[in-house]
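Worksheet: the structure to be examined is printed underneath.
The values are calculated or read from the model by the stated rules, or taken from the named source; none is laboratory data. What you are looking at is a predicted structure, and each value in this text was computed from that prediction instead of being measured. Virtual Cβ from ideal backbone geometry, glycine too; neighbours counted across all protein chains shown.
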């Protein structure tokens with residue numbers, strides 16, 4: 001099932017399982033995972049994209065090995081909030097992935113997540129080579145953390 005809001009994901013995900021955040025690029029997929037309390041996101045790895053079936057299998061292996069209960073995809077909206085070709089590609093990826101798993105899949109606005117990740121890596125004095133290696137999964141961590149923070153706010157209000 002695919003949801004456009006975090007509340008829908010919360011209602012249809014397993015409460016005791018971690019969430020996985022994805023930063024989809026044309027060449028790579030950044031992957032981050034949360035703890036089981038859904039309080040913090042940790043960048044995990046970057047998957048080099050080949051074809052969808054192999055990419056999906058790599059993600060499904062992580063889902064099984066990490067006891068993942070929901071998937072959050074960064075939705076790359078334009079700065080004015082509109083959706084362009086990259087959003088269409090992300091939504092297509094979500095539809096194709098949902099055919100291979102029963103997990104709740106949702107979106108999180110990823111505008112400026114890569115910029116924030118780059119800034120954090122620069123502040124940590126990370127070398128240019130190392131930044132290139134980790135930027136995608138660090139950006140996935142920012143995406144996932146945003147969704148986790150929203151979920152925590154929803155739980156606090158209700």
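Structure summary
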read-out	value
Residue that is surrounded by the fewest Cβ atoms within 10 Å (Cβ to Cβ), among those in the stretch 10-27 that are touching a strand residue (DSSP E or B) at 6+ places or on another chain (Cβ under 6 Å) and farther than 18 Å from residue 87 by Cβ	14
Some residue of the stretch 8-28 being part of a loop (DSSP other than H, G, I, E, B), free of Cβ contacts under 8 Å to residues at least 40 places away in the same chain and more than 15 Å from residue 90 (Cα to Cα)	no
Filter pass, residue 44 being in contact with a strand residue (DSSP E or B) (Cβ under 7 Å, 6 or more places away or on another chain), assigned to a strand (DSSP E or B) and more than 21 Å from residue 87 (Cα to Cα)	yes
Pair list, Cβ < 7 Å and 6+ apart or interchain, from the stretch 59-74 residues that are part of a helix (DSSP H, G or I) to residues that are surrounded by fewer than 17 Cβ atoms within 10 Å (Cβ to Cβ)	60/100; 60/101; 63/101
Given (1) closer than 16 Å to residue 147 by Cα; (2) in contact with a helix residue (DSSP H, G or I) (Cβ under 7 Å, 6 or more places away or on another chain), index of the condition residue 25 fails	(1)
The listed residue being within 23 Å of residue 152 (Cα to Cα), part of a loop (DSSP other than H, G, I, E, B) and at pLDDT below 90, out of 111, 77	111
Given (1) surrounded by 16 or more Cβ atoms within 10 Å (Cβ to Cβ); (2) modelled with pLDDT of 90 or more; (3) under 19 Å from residue 142 (Cα atoms), number of the condition residue 39 does not satisfy	(1)
